[in-house]
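Asks: My questions will all concern the structure given below.
Only the coordinates and a few stated rules stand behind these numbers; no lab work does. These numbers come from a predicted model, not from an experiment. Note: ideal-geometry Cβ built from the backbone for every residue, glycine included; neighbour counts use all protein chains shown.
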Amino acid sequence: MLEPMDVDDPYYAMYVKLSEPEKKILTLLRKEYDEILQLKTENEDILEEMKNLEERKDNEILQLKTENEDIKIQLEEMKNLEERKDNEILQLKTENEDNKIQLEEMKNLEKRKDDEILQLKTENEDNKIQLEEMKNLEERKDNEISQLETENEVNKIQLKEMKNLEEQKDNEISQLKNEIHSLKSKIKPLEEKNKKLNDENSEWQNYIGKATTFSLNDSDVNHSAQLAKDIEGVKEKIVNYIGNLRPKVDINLEKVNNLLLSYDCHAQVKSKVKLPLVLPLVKAVLQRYVFQTIIEYAEYNLLENCEIQCLERDIYKMTNKLHDLSDKFSTYDGANEITKAFPIKMHQQMYGLLGSLGLANNVGDKNKEHPIIVEIKNKLNKKINELRTIRDPKKSEKHDDMAPIIIQELIRIYFFRLKVQEPPVEIIWFNYNDGIDPNLMEERYEEENTDEIDEANNPLVELCSFPLFVSNYNKKGQKIYSRAKIIYQVKQSR
């Protein structure tokens, strides 16, 4: 917003008679006139300074004088313009339409004046810059001359010093030769000491590496490759334990169907006549039952039932407790990488020990079976024989005798050896109607029934008989130890 004209201003008498728009225009013109006067004054000062510059600036001074004359002419034109505007202002009172036209002309004139003022400001700044550059140039030249003179004096001094230094160097070289000879005699003991320190450092680095890495040697029984192989071995043993279910084997269809329902499998075996067609499904549900029954009994007898004396239970609980305490302890101030790695290394060692010796026969007691193995074996054999009955007593006994090693190996893997791996391994059961993923599953069906699999319509899981063993499931770095074993859904009715 423009400030009103001061009372002392020579145009004030005329200013008070004008309307508000006219006052704004007159005030704006007055302000522009003052700026022009100020620029004129600054320009004259600059021109005065330029007179003292070198002759090559004469042309620039002449140009500035010409520009100054132009400014004077423009100033005179402004005065004439003011007189014209006085007449126009009187006329505007009676001629409103003419006033609008003249107002538009004044806006255009204002724009031109703004451009002229901007140009003058730019030229003024250019003149200031050129003047400053001239001063800087002269100053640099003076400094260069002074620097050259100083360098010349320094060079003379340095030349004299170089001669003295050369004599000193000759004396120092002779002295250094004597010192080198003396040092050479001391290097050999130091080299031997350095070698000894390097050897000690290598041993220490090797110790730190072993203390902070969680990977296992290829020869370790708990190495991931050996663990995967042993998981497959347990699968095969369970398959053999269930048997072929023919001939001379009776199947309790009612209990088998109830078992299928307990696993949320909608398939049912409706007739003994069609039993040969669905033997793979019956085998699969019995194999799963063996796996989960062993784990269920083991969880109770190994972790909860204190009536059976079991050293493994005490070690297992103590390991978990010590792991939690040492893990918390490793967060204390001052803990290093070895301290932080200790909880994992400790439980790897303890679970590895349990995975190798857990539930073994007692050599000190006539190689007697472990009481937990005996407990689970008796219950498992009873349950399985209720589901499938082998009529041949010798063959039935042979299958019953397979149970102890299956129980021992599965418990060692499930409760101990999976926890040795870092990150730990988990098991995943796939459900009825899940999609088939060959990367995670291996599909099994009797060869004679493979034509019944609905491969053309994206076959689905009917039953998962063995779980997927995997670490980092559905995460970056996923590692599969053993694929799940599943049964396809088939078209026929059962």
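Asks: Say the cut-off is 27 Å between C-alpha atoms; which of 40/85; 321/485; 24/111; 40/135 go over it?
Replies: Numbers: 40/85 23 Å; 321/485 35 Å; 24/111 15 Å; 40/135 24 Å.
Those over the limit are 321/485.
Asks: Classify region 64-104 from the C-alpha gyration tensor, please: rounded if a/c falls under 1.5, else prolate or oblate depending on whether a/b exceeds b/c. Could the numbers behind the result be given before it?
Replies: Values: a/c = 8.14, a/b = 3.10, b/c = 2.63.
Prolate, since a/c reaches 1.5 and a/b exceeds b/c.
Asks: Hey, another quick one. Where does each of 232-244, 26-38 land if you order them by average Cβ count within 10 Å, highest first? List each step's numbers first, then the result.
Replies: Details: 232-244: 17.0, 26-38: 15.5.
Listed from highest to lowest mean packing, they are 232-244, 26-38.
Asks: For residue 485, list long-range residues whose amide hydrogen, built 1.01 Å from N in the peptide plane, is under 5 Å from its own amide hydrogen.
Replies: For residue 485, whose amide H was placed from the backbone, the distant partners under 5 Å are 442, 465, 466.
Asks: Order these by the 10 Å Cβ neighbour count, fewest first: 113, 419.
Replies: 113, 419
Asks: Let me ask another. For labels at residue 119 and residue 142 in the simple 7 Å Cα→Cβ model, what's the distance in nm?
Replies: Each label point lies 7 Å from its Cα, and together they span 3.8 nm.
Asks: Now, a different point. Which Rg and Dmax, in Å, describe the Cα atoms of region 91-147?
Replies: 24.0, 77
Asks: Which entries in 270/398; 51/79; 248/379; 283/379; 283/395 show an alpha-carbon gap greater than 28 Å? Kindly include the intermediate steps, with their values, before the conclusion.
Replies: On the way: 270/398 30 Å; 51/79 30 Å; 248/379 23 Å; 283/379 19 Å; 283/395 17 Å.
Checking Cα-Cα distances, 270/398; 51/79 exceed 28 Å.
Asks: Same structure again: Over all distinct alpha-carbon pairs, what is the Kirkwood Rh of region 12-155 in angstrom? Walk me through the numbers before you get to the answer.
Replies: Working: mean 1/r = 0.0535 Å⁻¹.
For region 12-155, inverting the mean 1/r across all distinct Cα pairs yields 18.7 Å.
Asks: Would you order 286, 357 from fewest to most other beta-carbon atoms within 10 Å of each residue's own beta-carbon? Display every interim value, and only then the final one.
Replies: Numbers: 286 24, 357 13.
Placing the least packed residue first, the sequence is 357, 286.
Asks: Please report the relative contact order for region 12-155, taking Cα pairs under 8 Å with a sequence separation of at least 6, and give it as a percent rounded to a whole number.
Replies: Details: 33 pairs, mean separation 37.6, N = 144.
Taking the mean separation of contacting Cα pairs over the length of region 12-155, I get 26 percent.
Asks: Search the structure for amide H atoms under 5 Å from the amide H of residue 460, placed 1.01 Å from N in the peptide plane, and list their residues when 5 or more places away or on another chain.
Replies: Residues meeting the criterion, in which the H sits 1.01 Å from N, are 489.
Asks: When a footprinting reagent is the concern and you count Cβ atoms within 10 Å, what order do 269, 425 take, fewest first? Intermediate results must be reported in sequence, preceding the final value.
Replies: On the way: 269 20, 425 26.
Final ranking by Cβ density, sparse to dense: 269, 425.
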